[in-house]
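Take a look at the structure set out below.
The values are calculated or read from the model by the stated rules, or taken from the named source; none is laboratory data. In this text the structure is predicted, and so the values were computed from the model without any measurement. Positions of Cβ are backbone-derived with ideal geometry, glycine not excepted, and every protein chain shown enters the neighbour counts.
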Amino acid sequence: MKKITSLLLSLTLATSVFAGTTDNSKTVQPTIAAAQGCDCFAPGFAMGAFGGAFFPNHGGSGVAGGGVLAEYFVSEYLGFQGSYGVYATNSEHHQMDGSIVLRAPIKSLCIAPYVMAGGGVGTNATTRGDFHVGGGLEARFASLDCMGVFVDGNYYFASGTNADFTVARLGVKFRF
């Protein structure tokens, strides 16, 4: 008799653990977010620095230089850039430019190819106005507060005989 009583008591206690209703209202359902890509090409200001090479089109070899730039994008596709560079030509070539920039962000890769055109002033013993066209590629790193790395090139149509030249740049940009 003691065995049957002990068995019934054990079954009663064991089944009471499973008694009651279940409440699934607090259950968290897993959600899968769609891949949005990076959001580093939003409108705004950026500052940067670059190293570059100056290639005269009338002969001679390329020379190194560098400079700074500031840009403002009114949308993720359209922006304006101002830059200043100095290159170690026969004396020093100072180049100040203003450009309109059209870019096409590829958010899934966090890169943006772009084209640019504008005008400026170059000085190297004489001061000349110029017009330039070019293009490049910029990669942004969301994990580094959208810091950008860019490479581009511009062909300059300068006033004067044999005054045209090309500039290639490699640099970094910081959004703020």
For VAL68, which of the numbered conditions (1) modelled with pLDDT of 95 or more; (2) surrounded by 16 or more Cβ atoms within 10 Å (Cβ to Cβ) fails to hold?
-> (2)
Which of the residues spanning the range 137-176 are more than 21 Å from the chain's Cα centre (by Cα) and either of a type in the set (Gly, Ala, Ser) or assigned to a loop (DSSP other than H, G, I, E, B) (or both)?
-> ALA158, SER159, GLY160, THR161, ASN162, ALA163, ASP164
Collect the residues in the range 72-112 that are buried (at least 20 other Cβ atoms within 10 Å of the Cβ) and hydroxyl-bearing (Ser, Thr, Tyr), keeping them in residue-number order.
-> SER83, TYR87, SER99
Here the residues within the range 36-64 that are of a type in the set (Gly, Ala, Ser) and either within 20 Å of GLY160 (Cβ to Cβ) or not in a strand (DSSP E or B) (or both) are GLY37, ALA42, GLY59, GLY60, SER61, GLY62
Please verify whether the range 83-100 includes one or more residues that are touching a Ser or Thr at 6+ places or on another chain (Cβ under 6 Å), in a strand (DSSP E or B), on the phi < 0 side of the Ramachandran plot and at pLDDT 95 or above.
-> yes
